[in-house]
Structures are given as structure tokens and as C-alpha cells.
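Q: I am attaching a structure below and will ask some questions about it afterwards.
Just so it is clear, none of the values below were taken in a lab; they were calculated from the coordinates. Fair warning: this is a prediction, and the values are worked out from it, not measured in the lab. Positions of Cβ are backbone-derived with ideal geometry, glycine not excepted, and every protein chain shown enters the neighbour counts.
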Amino acid sequence: MREISVFADESGDKTEKTRYFLLTLVFHDQAASIAEQVAIYERSLATADLPNIPFHSEPLLNGHGDYRYLEPEQRKKLLSGFAALVRYLSVEYVTFVYKRREFTGPEKLAERMKRDIADFLREHLGYFQEFDHVKVYYDNAQAIVKSALYNAVYDVLAKQAVVRRRTTMTEYRLSQVADFLCTIELAAVKYDAKEDGGTYDKLFGGVGTFKKNWLKQARRKRMK
């Protein structure tokens, strides 16, 4: 029985104060184990004397939460280490980007997201139909994402769709991959709009280095 997992992460919230709203979906064929790659990643953290903490992009970028006691150089190394992990994983992703000002309210944004997700699934329907089950993982952090994601998946892949909660370390790591890729895509949007600020430059090395290295590597994982 073949199964594919879908991990979702968003950047932004439903308020009008949010300039951009991004939704990233990461796809993983469960037949492709990531255990070896994760073990290598965790050994690299130990070798570099870095903490093995769950990857969360916002506090990492800003030095908050679990990252508040780490120096900027340590946070940069953690970001680079996680990027290296993602590079070697058998995953694909898609990111949907929205300008918040283009929607009159969260309901309109949810409608657009549902339509975009459904269109994407239909475009790749042959691929998804190769699997017996499509397992969807989302922490239900935002109701508009939950509604758009679940409704689109059920409409297009009704018989295959199963909503799951994360229970294994593999599932948690892949959720963190969605977080990472969503952050990279948001950085790309802000760099293009010249809204990057100093935080991105400190960790990514400026727009040129970001596009040549970070963005280029990440987008090799985009589902065609």
C-alpha cells in the first residue's frame, strides 16, 4: 500500500496588517525513509556543539524562544545545517503566495487558497492517484488554512484523503521542512519587493547570496 504525506505550513495571519500570506505544502512518499539523513543531520549538530532543538524559523531568525541564548553565528549555522538536511531529503513542495491587500477578508483568502490547492492537485492528479492514501498533516493553527486545505484535498482526492496528527519524529521533522521552505519563499518575496531588512541579510548574506545559494537549492525541490 503506497502512502504520501502532505505537510502544511503558513507565513502570515488573517489580519489586514499582514502584507503577505504564504502557504507551503511539502509532499513525501512514505516509502522513502528519511531516517539516515536525519541521523546525519543530528550528528552534525553534536559535532558542531549546536543544540538539537526543533527547527522554528521565526524565533531562529529573530533570536527568540529556544534560540534566545544563541549567538547570531550559531543561529546561522543551525539554519545552514537544516538547509543541508532538506537538500538531501526525498521531498517536493509547492508554495502559494498572496498579497493580503488583494482580499477583502479572510473568507475571500480562504476561498482563493482552496481553489489554488484544488487546481494544483488536479494538475498533478495522475501522480496523487498512484497512492492508496494521502495523509494530510496540519496543526490547525489558522482556521482559514484548515478550511482551504482540507476542503480542497477532500474535493479532489476524497477516497484517498486522511487527516492525521503528527506522532513520530519523522513527521515532526517534515513539518519543520515545510516551515523552512515557507520561510525561504517569504524571504524571496520580500527581497524582490526590497522589504528584506537587516535580519535576512545577517543570516542569508544579502540578496545575491540568498538567490544563488539558499533559494536555488530550495527550489530544486519544487514540484514541477
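Q: Taking the chain as a Gaussian network, where each spring joins two C-alpha atoms under 10 Å apart, which residue of Ala158, Ala188, Ala83 fluctuates the most?
A: Checking each option, the largest mean-square fluctuation is seen for Ala158.
Q: Which distance in nm do the two modelled labels at Asp49 and Glu102 give, with both placed 7 Å along the Cα-to-Cβ direction?
A: 4.9 nm
Q: Just the Kirkwood number for the range 162-222, please: inverse of mean 1/r across all distinct Cα pairs, in Å, one decimal. Provide the component values of the computation, followed by the final result.
A: Numbers: mean 1/r = 0.0779 Å⁻¹.
Taking the inverse mean of 1/r over all distinct Cα pairs, the range 162-222 comes out at 12.8 Å.
Q: Grab the Cα-Cα distance for Asp201 and Arg165, subtract it from 0.36 nm times how many residues apart they are, and report the gain in nm with one decimal.
A: Here the answer is 9.4 nm.
Q: Tell me, how many Å apart are the Cα centres for the range 100-139 and for the range 157-178?
A: 15 Å
Q: Continuing with this model, one more query. What FRET efficiency do you get for Ala193 and Lys76 if R0 is 25 Å and r is their Cβ-Cβ distance, rounded to the nearest 0.05?
A: Numbers: r = 23 Å, r/R0 = 0.93.
Here the calculated transfer efficiency is 0.60.
Q: Taking the alpha-carbon set of the range 3-219, what are its Rg and Dmax in Å?
A: When restricted to the Cα atoms of the range 3-219, Rg and Dmax are 17.4, 50 Å.
Q: Oh, and also: On average over all directions, what projected area in square nanometres does the range 1-108 have, based on the convex hull of its Cα atoms? Don't skip to the end; give the middle numbers.
A: On the way: hull surface 35.4 nm².
One quarter of the hull surface, i.e. the mean projection, equals 8.8 nm².
Q: Picking from Ala193, Ala35, Ala141, which is most flexible by a Gaussian network model of the chain using Cα springs under 10 Å?
A: Highest fluctuation among the options: Ala193.
Q: Suppose every Lys and Arg Cβ carries +1 and every Asp and Glu Cβ carries -1, with no other charges. What dipole size does the range 1-116 come out with about its Cα centre, to the nearest 20 debye? Show your work: numbers first, answer last.
A: Details: 17 positive and 18 negative charges, 100 e Å.
So the dipole magnitude of the range 1-116 works out to roughly 480 debye.
Q: Something else: Given Ala32, Met223, Ala188, which one lies farthest toward the positive end of the charge dipole of the chain, if we put +1 on the Cβ of every Lys and Arg and -1 on the Cβ of every Asp and Glu?
A: Highest projection toward the positive end goes to Ala188.
Q: Another question, if that's okay. Suppose every Lys and Arg Cβ carries +1 and every Asp and Glu Cβ carries -1, with no other charges. What dipole size does the range 3-219 come out with about its Cα centre, to the nearest 20 debye? List each step's numbers first, then the result.
A: Values: 31 positive and 31 negative charges, 91 e Å.
Once rounded to the nearest 20, the dipole reads 440 debye.
Q: Given the options Leu181, Leu45, Leu78, state which has the largest fluctuation in a GNM of the chain using a 10 Å cut-off (strictly under) for Cα springs.
A: Leu45
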